[in-house]
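Everything below concerns the one structure shown next.
The values are calculated or read from the model by the stated rules, or taken from the named source; none is laboratory data. Just so it is clear, the structure is predicted and the values come from calculations on it, not from any experiment. Cβ coordinates were reconstructed from backbone atoms using ideal geometry, including for glycine residues, and neighbour counts include every protein chain displayed. When the accessible area is computed, the model is the full protein with side chains, heavy atoms only, and any ligands, DNA or RNA have been set aside. Shrake-Rupley method; radii C 1.70, N 1.55, O 1.52, S 1.80 Å.
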Amino acid sequence: MAMSYRSALGVCAGVAGALFLGYCLYFDHRRRSDPNFKKKLRERRRRANRGRPGGGAVTWPNLKDQEAVQKFFLSEVQAGEELLAQGEIEAGVDHLSRAVAVCGQPQQLLQVLQQTLPPQVFQLLLHKLPAVGESILQAAGGSGKDGAAKVVEEDVE
């Protein structure tokens, strides 16, 4: 009797699994055969990317406005810490690299980050800094070394 109970239980589990798999395949087929599926999927991804911290283009602050720079710096550090805590390393490092780029004393900030971040995350941060530096220079209206000189001149004024 114990053997028939086990085999009945096994058959029921197999049938339930097959029904669930059939259910999934049927609705996946319906979803994919929808003529607007790709359009809806792209729109959903666009909306999700806009809503996500760090999604879309970066709006750099005016480097002459210290209050705007400080506000940007604090928001980027906070967003970076939150994302790292959630396990989203790439996005967290993006935010921290932007914070370092606008920081008044980047060497001191990098020393603090080196002590607090895992070595792999800190190395990723160091690799992203040149690209972020170029991005902020382009946003400031310059490119290359001439742009760096322009940013320094703006900060002196």
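Test LYS64 against the criterion of being touching a residue at least 24 places away in the same chain (Cβ under 8 Å) and open to solvent by 70 Å² or more (accessible area, probe 1.4 Å), and give yes or no. Yes. For region 69-91, the condition holds for no residue, the condition being that it is over 18 Å from the mean Cα position of the chain (by Cα), over 29 Å from GLY141 (Cβ atoms) and among the hydrophobic types (A, V, I, L, M, F, W, C).
Only one entry in PHE122, PHE73 is in a helix (DSSP H, G or I), touching a Cys at 6+ places or on another chain (Cβ under 9 Å) and surrounded by 10 or more Cβ atoms within 10 Å (Cβ to Cβ), namely PHE73. Of all the numbered requirements in (1) modelled with pLDDT under 85; (2) out of contact with any helix residue (DSSP H, G or I) (no Cβ under 7 Å at 6 or more places or on another chain); (3) surrounded by 10 or more Cβ atoms within 10 Å (Cβ to Cβ), PHE20 misses one, and that requirement is (1). If the condition is being open to solvent by 50 Å² or more (accessible area, probe 1.4 Å) and farther than 16 Å from VAL58 by Cβ, then region 76-86 contributes GLU81, GLU82, ALA85, GLN86.
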